[in-house]
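Written out below as structure tokens is the structure these notes cover.
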Amino acid sequence: MEEIQSLRFKASELLLREEWKESIKVYTQFISLCQKNLSKPHEFSDEADQIDTTKLKKSLCLALSNRAEARTRLREFSEALEDCDQALEIETTHFKTLVCKGKILLNLHLYSKASDCFRRALELQNNGSCETLNGFLDRCKKLEFQSRTGAFDLSDWVLSGFQGKSPELAEYIGPIEIKRSENCGGRGLFVTKNVEAGTLLLVTKAIAIERAILPDSGEDSNSESALLVMWKNFVDTIFDAAMKSRKTLQWIYSLSTGEGEGNGQIPDIKIFRPETEYSVLEEKTECSVLEKKPDMGKILKILDVNSLTEDSISAKILGKNSDYYGVGLWILPSFMNHSCNPNARRLHIGDSIVVHASRDVKAGEEITFAYFDVLLPVTKRREMAETQWKFRCNCKRCRFEEGASYREELREIEKEFECGSDETVVLRLEEGMRRWMVKEKAKGFLRASFWGAFSNVFHSEKAMRRFGRRIPKAEVVVESVADVVGCDERVLKVVVEGLKKHSGVVEIERAMKFGRCVYGKVMKKQAMRALLELGNYE
């Protein structure tokens, strides 16, 4: 019995000192010894060694709860849950274990189950209330509502100027599914119903993310070294997460390694929901048997193809992490392919990604990001796709621009665009489209390709006075471009600056509409007006 007491004191001391790994080792020894003594009580014949079974069970219950706490701190959630369940088998109303289990379930985004634990713990309080537990219950209620409805509201945070921590966001999977992509031959995300611009499609937290403030671009060697350190830390964190969770590893293995996996299995979207049991996930994926240790080579290939940066052209960072360069792995967003007429954008909020439609999307349409700047001519886009991203874009816009019968004239306009002849480019393009009898959608494609010229002309009062009657109004071009490539901040800027000349209700509503295309429907009108700095316009 002295050995049991010694181990208990040592484990408790290590836990108080927050030495999680060491405390787990000692608690494991203590738990093993307790279980052995409980299974063979007859071995203790000496009265001095007689054990108090009830007391020993209580000690075992507390030890399991404490080991669960230590494992939770190390994000070993599966093992921690097992400890909690064992402790609750001994004592179903063990307060500390119920709270610990609730926290674990909250970390695993199982909001309803977490609520049940906190509610049971609250019932054990004599006065019927506990500020901390009520706080947990409120969090669970809010997150469960977000997860079920997709109704996120960042208004207070936006109006505060992004003060304090980034808001906690629930995991949310909207009207999407994974299917075969016609454009690239691989897999992609598709909408299952018609959605309008701004509609949330997906909210998910990173498996891991690494951020750093990089040296100035002039310090090339230092910048490169910083990136290498970031990447190593990122890979280590991903590998650690895969080691600790079979579900996480299975999710990572569902992604492409970029080695001709066009005929790979199409995962069921259900396996990426937090509530899906591992056994179900195992049945629905190719990797039904996992190695004892994750394959580092395979994981590196997956990260090389699927990692996302926070400063992507189709992304917007909200909050304090905007000062950092960040790279992370978000599972479902990694299934999204590129298109030069994209229909989705993403917000980076804390460690979460919020994906929303940047224009109206029809049921069955693939959800796509812009991997690079798509407000450029097709020649430049083709060059970026093939040199930087190692693929050839086959979207509708690229096929149209490369196959146009007036392609030679477009090349001449492109050369003038490269020389900075913005006014000439806009005039020649608009005149050419009338002569070529280009349809409305195609007009949007071409205006997007020469958006830089249009933007410069719209910002030049001299050019507008001189050519205003010969070119479309800014709102016409903006609508045309946003209809085919979605809205981004550069297009939105033209809309907002137009309010300096015309600030009626219609113009403000138009700015709000395009604001929702860029930022999604995650805030109320007052917050959107503040974000767009429309406070002085009525």
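The values are calculated or read from the model by the stated rules, or taken from the named source; none is laboratory data. Predicted model, so just to flag it, every value in this text is computed and none were measured. Cβ placement follows ideal geometry from the backbone for every residue including glycine, while neighbour counts extend to all protein chains displayed. These accessible areas exclude ligands, DNA and RNA; they are computed on the full protein's heavy atoms, side chains included. Shrake-Rupley method; radii C 1.70, N 1.55, O 1.52, S 1.80 Å.
Table for the structure above
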quantity	calculated
Rounded percent of accessible protein surface that carbon and sulfur make up, the chain, 1.4 Å probe	48 percent
For peptides 395-403, 408-416, sequence by mean Cβ density within 10 Å, most packed first	395-403, 408-416
Label-to-label distance, nm, for residues given as Lys320 and Thr149 (7 Å Cα→Cβ offset)	3.0 nm
Semi-axis lengths, Å, the stretch 154-268, gyration tensor of Cα atoms, sqrt of 5 times eigenvalues	29, 25, 17
Overall Cα dimensions of the stretch 480-536, principal axis frame, Å, largest first	30, 27, 17
Extension reserve of the Gln29-Lys301 stretch, reckoned as 0.36 nm per residue once the Cα distance is removed	94.0 nm
Unit Cα scatterers, Debye sum, the chain: log10 I(q)/I(0) for q = 0.05, 0.09, 0.12 Å⁻¹	-0.28, -0.78, -1.21
Two-site label geometry, Ala226 and Leu124: point separation in nm, points 7 Å out along Cα→Cβ	4.8 nm
Directionally averaged projected area (convex hull, Cα atoms, the stretch 401-538), nm²	8.8 nm²
Which listed pairs, of Lys293/Lys320; Lys380/Lys521; Lys362/Lys439; Lys142/Lys513; Lys179/Lys244; Lys316/Lys521, have C-alpha distances above 24 Å, in listed order	Lys293/Lys320; Lys380/Lys521; Lys142/Lys513; Lys179/Lys244
Within the stretch 158-178, backbone nitrogen closer than 17 Å to the virtual label 7 Å beyond the Cα of Gln526 toward Cβ	158-163
Accessible surface ranking that places the most exposed of Met512, Met384 first, with a 1.4 angstrom probe	Met384, Met512
Size of the stretch 390-475 as Cα extents on the principal axes (Å, biggest first)	41, 29, 23
Gained length - Leu214 relative to Glu440, 0.36 nm times residue gap less alpha-carbon distance	77.0 nm
Burial order of peptide ranges 177-184, 161-168, 453-460 (average beta-carbon count within 10 Å, highest first)	453-460, 177-184, 161-168
Theoretical gain in end-to-end length, His502 to Glu365 [0.36 nm per residue, Cα-Cα removed]	45.7 nm
Along each principal axis, Cα extent of the stretch 306-453, largest first, Å	49, 35, 27
Dipole moment magnitude, nearest 20 debye, the chain about Cα centre, only Lys, Arg, Asp, Glu C-beta charged	1800 debye
Amide H partners (placed H, <5 Å) of Ala208, local residues excluded	Leu329
